[in-house]
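Encoded as structure tokens, the structure appears first; notes follow it.
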Ligand SMILES: Nc1nc2c(ncn2[C@@H]2O[C@H](COP(=O)(O)OP(=O)(O)OP(=O)(O)O)[C@@H](O)[C@H]2O)c(=O)[nH]1
Ligand SMILES: [Mg+2]
């Protein structure tokens with residue numbers, strides 16, 4: 001297990017701020033990409049305060065991060081957010097319009113926002129050389145992000161472009177009970193498997209409770225069993241068995257004790273981020289690049305299919321064409337011949353486009369001449 005032990009054992013103040021970009025996030029051309037830090041955690045675990053703390057830490061080191069708030073229901077964002085979901089969707093309005101409760105409102109707001117995430121990616125790509133980190137704060141209810149389609153879309157989209165790390169913020173002061181601790185770790189484990197990304201557990205609020213007990217429980221099975229001695233409920237038996245199962249999860253888990261209030265452990269946290277970003281490059285990037293390629297290929301295949309269907313419809317001159325073009329705005333350049341020179345400039349078009357245009361013109365001509373014939377025959381009938 002990669003652990004920093006408990007507070008005090010992290011050499012707070014002694015360790016300088018790491019230079020993660022030297023080892024991670026670099027592309028082949030030498031251009032460095034920022035590392036995405038997605039902050040997740042149970043309601044009230046301290047996610048927002050943690051984001052505020054690490055943002056302030058980076059600002060103090062003249063490395064301002066690019067920060068995104070994804071919590072539509074937060075009243076006040078205590079850090080400078082470059083993108084705020086609340087600027088795009090009004091969570092209360094969403095609740096009203098869709099007749100939803102608070103959680104449904106948050107999920108729907110996030111879904112609406114996710115439909116525009118390609119625009120967010122454009123901003124991020126534009127700014128990618130200016131920032132070393134992109135930090136995302138997520139909604140209070142963890143499942144809104146981790147078990148929703150929009151959460152997956154956002155996570156996968158980020159991870160297919162940038163080195164991405166998931167941080168699970170745990171409220172240490174609320175995890176002193178071994179059964180509660182186990183539940184928290186099970187949840188963390190489920191997120192690890194769901195997101196399939198490098199993972200860090202930030203044991204927060206160590207200014208209230210030292211996290212040494214938790215580290216011990218994770219490294220020494222016997223100590224955890226001893227802690228369970230006082231538990232007599234059936235849950236304790238389950239917890240005993242589960243702790244065996246979680247052994248492997250613990251073995252590869254990075255964890256660090258932090259206090260979002262005092263700033264303790266933040267230096268060490270960034271060391272873990274550098275390490276996790278390196279792991280991303282080594283183990284995860286190939287998988288995400290494969291996913292991105294597959295997505296691009298699928299989109300291309302769909303476009304090809306649509307084009308070939310259109311070609312078939314045009315050549316057969318079937319009424320289907322009407323169906324397909326209903327509601328579609330056709331630019332004057334295509335219908336009114338030679339009205340838009342640029343659109344018809346043969347040098348601007350590739351062979352395929354020229355063939356399409358040619359066939360479309362033929363189609364229009366045939367339609368016109370048929371209409372003309374009909375009109376002529378109508379006027380002949382009348383006469
Ligand atoms: N003592 C102490 N309190 C903390 C720490 N981090 C957060 N808190 C407090 O915990 C409470 C919840 O913090 P938030 O940052 O709002 O937690 P959150 O996870 O963002 O909450 P939701 O988004 O509503 O789920 C606040 O009262 C914070 O001041 C910490 O390290 N130490
Ligand atoms: Mg919050």
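Computed from the coordinates by the stated procedures, all read-outs in this text should not be read as laboratory data. For clarity, every value in this text was computed on a predicted model and none was experimentally measured. Here the Cβ positions follow ideal geometry from the backbone for every residue, glycine too, while neighbour counts run over all protein chains shown.
Side notes on the structure shown:
- Cα-Cα P(r), region 41-140, percent of pairs per 5 Å interval: 2, 13, 22, 21, 20, 13, 6, 3, 1, 0
- Radius of gyration over Kirkwood radius for region 56-202, both on Cα atoms: the Rg/Rh ratio is 0.97.
- When 57, 230, 272, 131 are arranged by Cβ crowding within 10 Å, least crowded first, meaning fewest neighbours, the order is 230, 57, 131, 272.
- Take the Cα of residue 290, step 7 Å toward its Cβ, do the same at residue 97, and the gap between the two points is 4.0 nm.
- Counted by neighbouring Cβ atoms within 10 Å, the residues 312, 201 run from fewest to most as 312, 201.
- Longest to shortest principal axis, alpha-carbon extents of region 81-141, angstrom: 42, 20, 14
- Estimated FRET transfer efficiency (residue 376, residue 312; beta-carbon r; R0 35 Å; 0.05): 0.70
- Separation between Cα centres of region 198-241 and region 96-135, rounded to whole Å: 35 Å
- Legend: ranking of residues 157, 115, 219 from fewest to most surrounding C-beta atoms inside 10 Å; resulting order 115, 219, 157.
- Pairwise Cα inverse-distance average, inverted: Kirkwood Rh of region 218-303 (Å): 17.1 Å
- Pair residue 282, residue 366: separation of 7 Å Cα→Cβ label points (nm): 6.3 nm
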